[in-house]
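A.B. asks: My questions will all concern the structure given below.
The values are calculated or read from the model by the stated rules, or taken from the named source; none is laboratory data. None of these values were measured; they are calculated from a predicted model. All Cβ positions, glycine included, derive from the backbone under ideal geometry; neighbour counts span all protein chains shown.
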Amino acid sequence: MGIVNKPYNFSNGLGKEIDADQINANFDAIFNLINGNLDTDNVNSVSITKVGDFRNYIQIIYPGAIVVNNKAVSDIVLPHSGTLKKDEVIAHLTVAPVGSSLTLDILKNDVIIATITFPDGSKTGNLNLATDVSVSAGDYLNININSIGSTVSGNGLYIVFPMKMS
């Protein structure tokens with residue numbers, strides 16, 4: 001067997017769309033090299049350059065008006081082991097809190113791992129997570145809503161956790 005040259009290279013970053021045809025072309029290059037016969041012997045002898053980090057995205061959606069509530073979103077069971085990436089979390093509201101900030105805690109297996117604060121009048125949350133967080137398959141996430149806007153509570157919570165799979 002030889003070295004597989006992939007036709008397309010991908011990189012991390014927001015706003016980059018990956019076309020399914022490009023991914024298929026990369027896999028076709030591997031398939032064609034080993035002639036469609038995948039087994040332990042020929043897979044072990046092929047040198048394949050890394051396509052990129054495989055990621056899973058955990059999306060948490062809380063539609064409607066936000067209310068103070070422990071386990072407002074509960075028991076999101078993680079299907080894979082990996083690392084929640086602190087610098088890539090997205091937290092957004094469709095309607096900003098007014099009068100005071102909205103704060104919530106993210107818990108892993110009932111232990112707080114992060115706090116997100118939406119300042120008064122802001123639809124974008126500020127994440128307080130000091131480091132990436134390792135997770136195992138079967139771990140679960142919960143969301144506790146600690147405070148809401150005093151005039152307008154806030155509405156339509158959307159959080160995305162990119163998870164680098166291990």
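A.B. asks: Going by what's in this entry, would Leu157 be described as closer than 16 Å to Ala65 by Cα, not in a loop (DSSP other than H, G, I, E, B) and not basic (Lys, Arg)?
C.D. replies: yes
A.B. asks: To continue, here is another question. It is to be established whether one or more residues within region 127-145 are of a type in the set (S, T, N, Q), surrounded by 12 or more Cβ atoms within 10 Å (Cβ to Cβ) and free of Cβ contacts under 8 Å to residues at least 24 places away in the same chain.
C.D. replies: Yes - at least one qualifying residue is present in region 127-145.
A.B. asks: Next question, about the same structure. Go through region 119-138 and count every residue that is modelled with pLDDT of 95 or more and within 17 Å of Val73 (Cα to Cα).
C.D. replies: 0
A.B. asks: Could you tell me which of the residues Ala130, Ala137 is farther than 17 Å from Asn70 by Cα, over 16 Å from the mean Cα position of the chain (by Cα), assigned to a loop (DSSP other than H, G, I, E, B) and not β-branched (Val, Ile, Thr)?
C.D. replies: Unique residue meeting the criteria: Ala130.
A.B. asks: Next question, about the same structure. When region 67-97 is examined, which residues are found to be surrounded by 17 or more Cβ atoms within 10 Å (Cβ to Cβ), of a type outside the set (Val, Ile, Thr), outside any strand (DSSP E or B) and modelled with pLDDT under 90?
C.D. replies: If the condition is that a residue be surrounded by 17 or more Cβ atoms within 10 Å (Cβ to Cβ), of a type outside the set (Val, Ile, Thr), outside any strand (DSSP E or B) and modelled with pLDDT under 90, then Leu78, Lys85, Lys86, Glu88 are the ones that fit.
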